[in-house]
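Trainee: Here it is, the structure in full.
The values are calculated or read from the model by the stated rules, or taken from the named source; none is laboratory data. Remember, it's a predicted structure, so these values are computed and weren't measured experimentally. Ideal geometry is used to build each Cβ from the backbone, glycine not excepted, and the neighbour counts take in all protein chains shown. These accessible areas exclude ligands, DNA and RNA; they are computed on the full protein's heavy atoms, side chains included. Shrake-Rupley method; radii C 1.70, N 1.55, O 1.52, S 1.80 Å.
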Amino acid sequence: MKTFSLPCGKGIQRVHIQEEHVLYDLHGNAAAAVTDEGEAVRQALRHPVGSAPLREVIRPTDTVAIIVSDITRLVHTAQMLPVIVEELNGIGVADAQITVITAQGTHRAHTPAEDAVVCGPDMARRLRIVNHDSRSNTLAFAGTTSYGNDVYLNAEAVKADKVILTGAVSFHPMAGFGGGRKAVLPGIAGYETIMRNHALALTDFVGGGCNPQCETSLLEDNPLHGDMKEAAALLQPVFLINTVFTADGDLYEVVGGHWYDAWKKGCEDLLRIASVPIQEAADVTIGSAGGYPKDMNLYQSTKAHMNAVFATKPGGLMIFTLDCPDIKEPAIFTDWFFRSDMASFEADLRADFSIPAFVAFKTRCIIQSMKHVYIVTRPENFDIIRQSGQIPAATLQEAWDMAKQVLEQEGRIHYKVTIMSHAAATFPVLK
């Protein structure tokens, strides 16, 4: 018997499985963690990819907008920002010339306390912080992409002399990878611009469902990514700093330089350290989004579903440990997620596209492709989990016991189980 520990919120859930049934315990490939994060950021600023150093592209008289991720993506902004500001100060750019724009996309605004969590207390005190509002009537028109998307962006970013993008390179189930150009679209884009972009994740015909080109790790011929890239080019950022993490959440590297070239290097490095080849799919996959804050709500947690499905046989079983203290955020997601008639779901989604609705649709497609999906969560979430077509459980062992009963009833004696303790950040590749 072997014991596996999976993150759930700020705690741990454990399960005992007979070793002969364990197919894979998937983690990213071994990668040394950065030991001096501040120095790694400094080196990325001074020895960039595809760009002159930051000190050579910023003038002392410039106004500078730094775009940072919001509270749902704690990507070490609080560690990056002081080093970037220190470098800017060294150039001669005063704090008063710097504006931090939090890339909310369609998410809610931060509280002052959340600004301090994201940026760090000192930066939150020293710098002007603007929370992006995708529905603001002061957005600036930046141009139109070849995909026909009129790009409206945060006016503070457009009027700044220089724009710096920050964020983290990650796997993304529609855009291929997160980070980079996503700081612009959807990060600081208008609501309609964001919706038109994300609608590209559906096929051109009704009943076709999700566009197969808009999938994890795919960039070539991915229209969602292509549209994002063109939107970012319209803003003309002068520099990018992105973090790259291992599947276990350790900082692997900091990439800096040209807003696209440096990010692309981060994508290649992430694919190398976090994609894991597998020879066969499992009957059961047991996974976690990675604990807090990756499982703050069900909306963010579904990234675990979207990776774990690649490790699981069609008609198999999946179990996830998802604490979800803010399970109803955003409400539009949970409202769509309760729907089970997939034909009408897709028709309504095409008529009134939104990102939360699409994520709900894609996740429900995954759930319906499985025999059962079990969610280990807090008891107050049980009703919502049931409404989403999944089965709630109080502990991981309880969920596993229920899954074993199904396997026994179906006569699957030689079943195989794959463990993905950081499923949202681990990408299985079937060879």
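Trainee: Work through the residues other than residue 213 whose Cβ is under 10 Å from its Cβ and net out their charges, Lys, Arg +1 and Asp, Glu -1.
Mentor: On the way: positive: none; negative: 215, 220, 221.
Taking every other residue near residue 213 into account, the sum is -3.
Trainee: Helix 298-308 sits at what angle to the longest principal axis of the chain, using alpha carbons and giving 0 to 90 degrees rounded to 10?
Mentor: 70
Trainee: For the range 145-253, state the average projected area of the convex hull of the C-alpha atoms over all orientations, rounded to one decimal in nm².
Mentor: Values: hull surface 30.4 nm².
Seen from a random direction, the Cα hull of the range 145-253 projects 7.6 nm² on average.
Trainee: Given 25 °C and 0.890 mPa s, compute D for the range 4-46 with the Stokes-Einstein relation, Rh being the Kirkwood radius over Cα pairs; round to the nearest whole µm²/s. Mind dumping the intermediate values first?
Mentor: Numbers: Rh = 14.3 Å.
Estimated via Stokes-Einstein, D reaches 172 µm²/s.
Trainee: Take the chain, connect every pair of alpha-carbon atoms lying under 10 Å apart with a spring to form a Gaussian network, then pick out the residue of 291, 167, 11 with the largest mean-square fluctuation.
Mentor: 11
Trainee: Using only the alpha-carbon atoms, how far is helix 342-351 inclined from the longest principal axis of the chain? Give it as 0 to 90 degrees, nearest 10.
Mentor: That helix lies at roughly 10 degrees to the long axis.
Trainee: Could you list the square roots of 5 times each eigenvalue of the Cα gyration tensor of the range 21-122, that is, the equivalent ellipsoid semi-axes, sorted largest first and rounded to whole Å? Each step should come with its number before you reach the end.
Mentor: Working: eigenvalues 174, 89, 28 Å².
Ellipsoid half-lengths, sorted descending, are 29, 21, 12 Å.
Trainee: Can you tell me what percent of all Cα-Cα pairs in the range 376-431 are more than 18 Å apart?
Mentor: I get 53 percent for the Cα pairs in the range 376-431 exceeding 18 Å.
Trainee: Per residue, what volume in Å³ does the convex hull of the Cα atoms of the chain enclose? Walk me through the numbers on the way to the answer.
Mentor: Values: hull volume 58.1 nm³, N = 431.
Cα convex hull per residue, to the nearest whole number: 135 Å³.
Trainee: Now for a separate question. Give the accessible surface of the chain per residue, rounded to a whole number of Å², with probe radius 1.4 Å and ligands, DNA and RNA excluded.
Mentor: Per residue, the chain has an accessible area of 39 Å².
Trainee: Moving on. Which percent of the accessible area of the chain is formed by carbon and sulfur heavy atoms (probe 1.4 angstrom)?
Mentor: On the way: 8530 of 16770 Å².
The C+S portion of the solvent-accessible surface of the chain is 51 percent.
Trainee: Something else about it: Could you tell me how far the Cα centroid of the range 95-114 sits from the Cα centroid of the range 291-306, in Å?
Mentor: For the range 291-306 versus the range 95-114, the Cα centre distance is 22 Å.
Trainee: Dividing the Cα convex hull volume of the range 291-431 by residue count, how many Å³ per residue is that? Mind dumping the intermediate values first?
Mentor: Details: hull volume 16.4 nm³, N = 141.
Hull volume over Cα atoms, normalised by residue count, gives 117 Å³.
Trainee: On C-alpha positions alone, give me the angle between the axis of helix 223-235 and the longest principal axis of the chain, in degrees, nearest 10.
Mentor: 20
Trainee: Which peptide among 393-403, 198-208 comes first, and what is the full order, when sorted by highest mean count of other Cβ atoms within 10 Å? Before the final figure, lay out each step's value.
Mentor: Details: 393-403: 18.8, 198-208: 16.0.
Averaged packing, sorted descending, gives the order 393-403, 198-208.
Trainee: Moving on to the next point. Between the range 309-335 and the range 401-431, how many Å separate their Cα centres?
Mentor: Each part reduced to its Cα centre gives a spacing of 15 Å.
Trainee: Of all the Cα-Cα pairs you can form in the range 228-280, what percent are over 16 Å apart? Each step should come with its number before you reach the end.
Mentor: Details: 676 of 1378 pairs.
Tail of P(r) above 16 Å: 49 percent of Cα pairs.
Trainee: Relative to the compact-globule scaling 2.2 N^0.38 Å, provide the ratio for the alpha-carbon radius of gyration of the range 79-227.
Mentor: Values: Rg = 16.9 Å, N = 149, 2.2 N^0.38 = 14.7 Å.
Computed over Cα atoms of the range 79-227, the ratio equals 1.15.
Trainee: Now, a different point. Determine the sum of side-chain charges near residue 406: Lys and Arg each +1, Asp and Glu each -1, restricted to other residues whose C-beta is under 12 angstrom from that of residue 406.
Mentor: -1
Trainee: May I pose another question? Cα centroid distance between the range 226-260 and the range 134-204, in Å?
Mentor: 14
Trainee: Also, quick follow-up: Provide the gained length on full extension for the span residue 413 to residue 12, in nm with one decimal, where the gain is 0.36 nm per separating residue minus the Cα-Cα distance. Write down the numbers at each step before the final one.
Mentor: Numbers: separation 401, 0.36 × 401 = 144.36 nm, distance 2.86 nm.
Length difference between fully extended and current span is 141.5 nm.
Trainee: With respect to the cross-link table entries 10/159; 328/431; 404/431, which display a Cα-Cα separation exceeding 31 Å? The partial results should precede the final answer.
Mentor: Numbers: 10/159 41 Å; 328/431 37 Å; 404/431 27 Å.
Flagged as over cut-off: 10/159; 328/431.
Trainee: Lys/Arg Cβ at +1, Asp/Glu Cβ at -1, dipole of the range 142-293 taken about the Cα centre: which of 291, 275, 146 is farthest positive-ward?
Mentor: Working it through, the farthest residue towards the positive pole turns out to be 146.
Trainee: Could you tally the net charge around residue 304, taking each other residue with its Cβ under 14 Å from the Cβ of residue 304, Lys/Arg +1 and Asp/Glu -1? Walk me through the numbers on the way to the answer.
Mentor: Working: positive: 294, 303, 362; negative: 295, 323.
My count for the surroundings of residue 304 gives +1.
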